[in-house]
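Remarks on the structure that follows.
The values are calculated or read from the model by the stated rules, or taken from the named source; none is laboratory data. Computed from a predicted model, the values in this text were never measured in an experiment. Virtual Cβ from ideal backbone geometry, glycine too; neighbours counted across all protein chains shown.
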Amino acid sequence: MKSIDFPGARWRKSSYSNGQANCVEAARVGHGSGLVAVRDSKAPAGAVLAFAPSAWRRFTATLKAGA
């Protein structure tokens, strides 16, 4: 498995988080690959999941559709 470097990633929380600590954060990573990394805002040094752009778009579209 290839390792991805995340320094400099601009992590963002959902506008629906209302400043809560119980959220996920997302950032574009991978030096132009378009990968989207997701982490738990309570444990920023913990595990990070990385998704291909197409998988992230499908995921967010499903959420927006209310599925």
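Worth pointing out:
- Selection status of G66, in a loop (DSSP other than H, G, I, E, B), at pLDDT 85 or above and not aromatic (F, W, Y): yes
- Selection of the stretch 12-59 for residues being in contact with a strand residue (DSSP E or B) (Cβ under 8 Å, 6 or more places away or on another chain) and either part of a loop (DSSP other than H, G, I, E, B) or in contact (Cβ under 8 Å) with a residue 60 or more places away in the chain (or both) yields S14, C23, G30, G34, S41, P44, G46, A47, A52.
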